[in-house]
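What follows is a single structure, written as structure tokens, with notes after it.
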Amino acid sequence: MSPTRYLTLALLLVGPTALAAATSGPANALTEPQGPAVSLAPNAAQTEAPSVAPCPQPRGTGDLGIVVERGTGSLLLIETSGNTALGRIEGLGDLSHASAAFSRDGRFAFIFGRDGGLSKVDLLVGKVVRRVMQAGNSIGGAISQNGKLVAVANYEPGGVRVFDAETLEQVADIPALYEDGKPASKVVGLVDAPGNRFVFSLWDGGEIWVADLTDPAKPAVTRHRGIGRQPYDDLITPDGRYYLAGLFGEDGLALLDLWHPEQGVRRVLPGYGRGEEPLPVYKMPHLEGWAVAGRRVFVPAIGRHEVLVIDMDTWAEVGRIPVAGQPVFVMARPDGRQIWVNFALPNNDRVQVIDAESLAVIHELKPGKAVLHLEFEPRGEEIWISVRDEDRVDVYDTQTFARLTRIPANKPSGIFLTDRAFRIGL
């Protein structure tokens, strides 16, 4: 970001006084209190609000978010109250398959770059405050329940590395060594779970590991072997209880109940292809992102133009929905009433909407070439859609399906809003 644009953005976000403090002091200057400490304990004698020097033009973070611009290794800083772009943050390396997690105050974004870079971005002042190259090739990450640890899943050299969320200093290294004489496995589907645990799958090893980071210096790892061939991605249910791994190497999914891990991993929807020859897979589907609506889970079928519906009480298939192509993201609106689906080539110009109750496709959109990602606003009234090959992000009304606005972006892919800070597994 140019100095002029940064100054304009910062003035808009935090005001001149706070900006002066931020730019003349340490990176966290804006977090310093502006007046005496305020007691929150009940006090019957206190009838007026305590006197605290106000922060000029204070700005919350609840409506902020970022759009990954993979073409330039930058982030577009956005806000969802007025659906506008506030500025651009540059210098983040290879973001060709980047994802993000947020600090619990929603101020900082942790960016997991494909080149192994881990960056900490201050959304309120619009700049990268810390960055480390932690591996050669990474594929996403997560932040711990207490907000103090950030974990990164790696393809090269494999395994998971864990960092202090404040300083980005490495605090743990968990090499995914699953068999003597073989290198560490690629790791996929890394999510946070209650109890300051991280759960992830081993693509090469066919295992699910649960790492308890209660003592970051001594991670306690529990291995679940033989879950199936090539787990490719995973989701954790919104309550943090069930971890579901999709299998690329065979039909089916692997389920781990984190309340009862002693029961081991069970297979869900074994052989859902029923012996049919699968269609070519042009893009690996994604599970992470919550496709849980009520007591149903909606997942993409590998090599099929179908969305599979699973009953969470029995973990049996209760439906399959024919759709326009190979599903990539299958996303539930926050109220659970709609499921939005995008597709791999050659149908990646469209999005279909499924009614979660009737399981019928009720609408189809054609935003443009290469729809890569979808992100609902926190209460679900609007959805942001990235259209990579047309260099823009669209915002749609989820009731009327009307397009509300278009925002230029450079080869946009992932869209991440700060409300993810308060949701398990995101």
Report the normalised scattering of the stretch 71-132 as log10 I(q)/I(0) at q = 0.29 Å⁻¹, calculated by the Debye formula with identical scatterers on the alpha carbons.
-1.36
If I stretch the segment between Asp239 and Ala220 completely, what's the gain in nm (0.36 nm per residue apart, minus their alpha carbon distance), one decimal?
4.6 nm
Probe 1.4 Å - accessible area at Trp203, Å² to nearest ten
60 Å²
Using amide H atoms built 1.01 Å from N in the peptide plane, name the residues 5+ places from Glu306, or on other chains, whose amide H lies under 5 Å from its own.
Ala301, Val323
Can you work out ³J(HN,Hα) from phi for every residue in the stretch 69-80, in order, using Karplus 6.51 cos²θ - 1.76 cosθ + 1.60 and θ = phi - 60°, giving whole Hz and x for Gly and Pro?
9, 5, x, 10, x, 10, 10, 9, 7, 10, 9, 9
Please give me the summed charge of the neighbours of Glu250: other residues whose Cβ is under 10 Å from its Cβ, Lys and Arg +1, Asp and Glu -1.
+1
Note, ³J(HN,Hα) from phi for the stretch 415-421, Karplus 6.51, -1.76, 1.60, rounded to Hz, x at Gly and Pro
10, 9, 9, 5, 5, 4, 4
Amide H to amide H, which residues 5 or more places from Tyr155 or on other chains are under 5 Å from it, using H placed in the peptide plane?
Asn137, Ser138, Ile139, Val187
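Using the Cα atoms as the points, what is the convex hull volume per residue of the stretch 348-418 in Å³?
Details: hull volume 6.3 nm³, N = 71.
Considering the Cα atoms of the stretch 348-418, their hull volume per residue is 88 Å³.
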Lysines whose Cα lies under 28 Å from that of Lys182, excluding same-chain neighbours fewer than 8 positions away
Lys218, Lys283
What's the local net charge at Asn196, with K and R +1, D and E -1, over the other residues with C-beta under 10 Å away?
-1
How much accessible surface does Met331 have with a 1.4 Å probe, in Å² rounded to 10?
10 Å²
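Can you tally the net charge around Val129? Count Lys and Arg as +1, Asp and Glu as -1, for every other residue whose Cβ sits under 9 Å from the Cβ of Val129. Spell out each step's value before the answer.
Values: positive: Lys120, Lys127, Arg130, Arg131; negative: Asp122.
The answer is +3.
One quarter of the convex hull surface, Cα atoms only: what value does that give for the stretch 149-223 in nm²? Please report the intermediate quantities before stating the final value.
Working: hull surface 18.7 nm².
Computing the convex hull of the Cα atoms and averaging its projections yields 4.7 nm².
Can you give me the accessible area per residue for the stretch 385-426, using a 1.4 Å probe, in Å²?
Values: 1630 Å² over 42 residues.
Per-residue accessible area for the stretch 385-426 comes out at 39 Å².
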Percent of accessible area on the stretch 319-380 owned by carbon and sulfur, 1.4 Å probe?
49 percent
Under 5 Å between amide H atoms, partner at least 5 residues away or on a different chain: which partners does Glu382 have, H built in plane at 1.01 Å?
Glu377, Thr398
Residue by residue through the stretch 156-169, what is 3J(HN,Hα) from phi via Karplus (6.51 cos²θ - 1.76 cosθ + 1.60, θ = phi - 60°)? Round to whole Hz and write x for glycine and proline.
10, x, x, x, 10, 10, 10, 10, 5, 5, 7, 9, 6, 6
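The values are calculated or read from the model by the stated rules, or taken from the named source; none is laboratory data. The model shown is predicted, which means the values in this text are computed figures rather than measured ones. Cβ: placed from backbone, ideal geometry, glycine included. Neighbour counts: every protein chain shown. These area figures cover heavy atoms from the full protein model, side chains too; ligands, DNA and RNA do not enter into them. Shrake-Rupley method; radii C 1.70, N 1.55, O 1.52, S 1.80 Å.
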